[in-house]
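Everything on this sheet refers to the single structure shown next.
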Amino acid sequence: MGRSSRYRILMAGAVALTLVGFIGYLLADNYIAHQGLRRDSLEDHRYYSEEVAAALGYFFSERVYDLNNLAVSRELATYFENRAVGMTMAYGLRASLVGVAERFDYIQKQTEYGGVPVYDRLVFVDVDGVRLADTSDGLTLTPEDQWLALVDEDSSETRFDVVGVGDDFDVLISIPCYFDGVRVGQLLGYIEGHCIALQMVDPRAAHQSRAMLLYEDRPFISDSGNSGDDEYSMELRENADKSICEPFVYEGLDNYGRLEEMVGVVVPVPSSPFYLVCRTRMSELVRGTAPWLAFMGMVALALVLVGGSFYAFRAMARNSILRTLLEEEEYHHLEVERKNEMLGIEIAERITAEQKLEQYSRNLESMVEERTAELRKVIDDLHRTQAQLVQSEKLAAIGHLASGIAHEINTPAQYVGDNARFLDEIFGQIAKLLNRQHDLLGNCENDCNAEAVVTEIKSMIDELDLEFLLQEVPDAIHQTLEGVGHVADIVLAMKEFSGSATEGPTPVDINQAIANTVTVTRNSWKKIAVMDVDYDPNLPLVWCCLGDFNQVMLNLISNACDAIEKAGNEPGIQGRIGVSTRYIADHGEVEIRVSDTGGGIAEDIRSHIFDPFFTTKEVGSGMGQGLYMVHSIISERHGGSIRFETELGVGSTFIVRLPLQHVVKS
């Protein structure tokens, strides 16, 4: 065997070993990738399950929010206010329950999900177990002696329970109701089970998954809407271990009754005592070729490559010399052609470049004019768009303000009407007594029996309960006058607030303008905060546009309400909003401070809060124009300044300074 033959054999062996080593590397890499994909897929399934559980938790928190709103609704408060002043069912108290029932019916009809009503039933029971309001229409009612059992005297928190039999069941949410700090009853909401099942189905999921809910270690609903007793639910319950939020693998039946590797996970549902259990097929999560199939394919490929390499090498050795000579000849020929082609391309590019340079020089001035015109158009469009957004922000604020004012007027108007009806009824009884007294006195002129007349009059006075009327009628008249005065104050404040929109710059009483704004925004802050005001009595008049200043105060108070509501407070504890004014004589300025006890402003967004379109609210909840509008009105139009002081976990204070005299820009 010659030297060249041994060299070819060694080369072929080296190539074969290299191929085998490369294939082995591919096999190991495929196995590692498959295991990594398996881990990632299990984590994805856990994340998907947590998302579904989070959606369920948000659904339950919304229902608790609905019930809490009902518990502090004006209708319930009106009922207990009327009962507190001594009204009975016979004297106007039953009319208050009509408003409560109508409010319950409205919530039940308006709250739905996917076309399915959320609430089967809404019930209010007082502390004595008396059912005062119930939206049940044809449903089986709970016996009266069982309502008292639902009113747990020791419970001050929201409770969940599952009621019903088989597939006909509801989730019961129970919250306590308080009036003037005293527990007065329990509000019960029955949530439709099939509506909860819709929350467990995610049409965007990349894989098919089955799910069910557990309550006290027993299933009560699956994503198909049944009671959780089908074969899939039983299979999940039997294989679910006690590890929360950790995926587990087990052998289960697929849709065709075949054993297959399954993946399940148990996740707690936020804001509820329930647990969500999800399962899917491992093949749905981990797609791709199994490691053993890849191994067999790689082995077959290695054998083919090793065998073919020997035949290819032999042919290559015989033709290598001839191919080398041909390649050298072809290389020289191609090199000459390539250089000629490159020279032609370079000449053409130079000619084209000279032509473009000449054309560009001729058209440069016209291009600059066109670009300048386009830029002006873009700037004008941006200004128009920004003006439209500012107007939309103002209209949205006015609409919210009008809704709150209507609510504020409705409350005193309601008890004015109740007292007026009470006085109308009592006046009829008093008129009857006076007419009878007049008749008796007329009869006495002819045939006077004084003892009989006195006896009959005393009997009528006792029947009328004159002592009760002498006590209650003045109170009713006082409450009526107080309600009318409250409505008049609100209307006057709104008239002064809205009437300033068309006025130009005038000397403005800042204290009165702020007081009007606080009055018209009362419905926005009264449930979440206490308003503290401190007006400087020596504050001089300020030359400004009253409508713009009212808009500034409206935005700052609304911003304070949003901050307190976002920070959240413990039940029964309200935040505080402070508004104060001060005259700074040394600088000829007036200072207005608006503070809140919200969560403060995060460090990373403090430099952006006055930027246009910047907002921390969710998409669709705000356009980011409120504080930008405040900064524009104060700094640009009135020559003033605005800044803020903030501390995380404590709150924020916005400080506005306005000069006494300034030429207001349009």
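Before moving on, here are some points about what is shown:
- Inter-probe distance in nm under a simple model that places probes 7 Å from Cα toward Cβ, at Leu423 and Arg183: 4.0
- Full extension of the chain segment joining Arg218 with Asp128 gains 29.1 nm, where the gain is 0.36 nm per residue of separation less the Cα-Cα distance.
- Per-residue Karplus couplings for region 81-97, computed as 6.51 cos²θ - 1.76 cosθ + 1.60 with θ equal to phi - 60°, are listed in order as 5, 5, 5, 5, 8, x, 6, 10, 4, 6, 10, x, 5, 5, 5, 5, 5 Hz, Gly and Pro entered as x.
- Between Ile584 and Leu541, residue separation times 0.36 nm minus the direct Cα-Cα distance comes to 14.2 nm.
- Accessible area of Leu27 in the full protein assembly, 1.4 Å probe (Å², nearest 10): 30
- With both labels modelled 7 Å from their Cα along Cα-to-Cβ, the Met89 to Arg371 distance reads 8.4 nm.
- Solvent-accessible surface (1.4 angstrom probe) belonging to Ile528, in square angstrom, nearest 10: 40
- Contour excess over end-to-end distance, with Cα ends at Arg39 and Glu645 and 0.36 nm allotted per residue: 213.4 nm
- The modelled label-to-label distance for the pair Glu603/Lys109, using points 7 Å beyond Cα in the direction of Cβ, is 5.4 nm.
- On the basis of the beta-carbon distance and an R0 of 30 Å, Val116 and Arg576 show a calculated FRET efficiency of 0.10.
The values are calculated or read from the model by the stated rules, or taken from the named source; none is laboratory data. This one's a predicted model, so the numbers in the text were calculated from it and none came from an experiment. Note that we place each Cβ from the backbone using ideal geometry, even for glycine, and neighbour counts take in every protein chain shown. Calculation scope for accessible area: heavy atoms of the full protein, side chains included, ligands and nucleic acids excluded. Shrake-Rupley method; radii C 1.70, N 1.55, O 1.52, S 1.80 Å.
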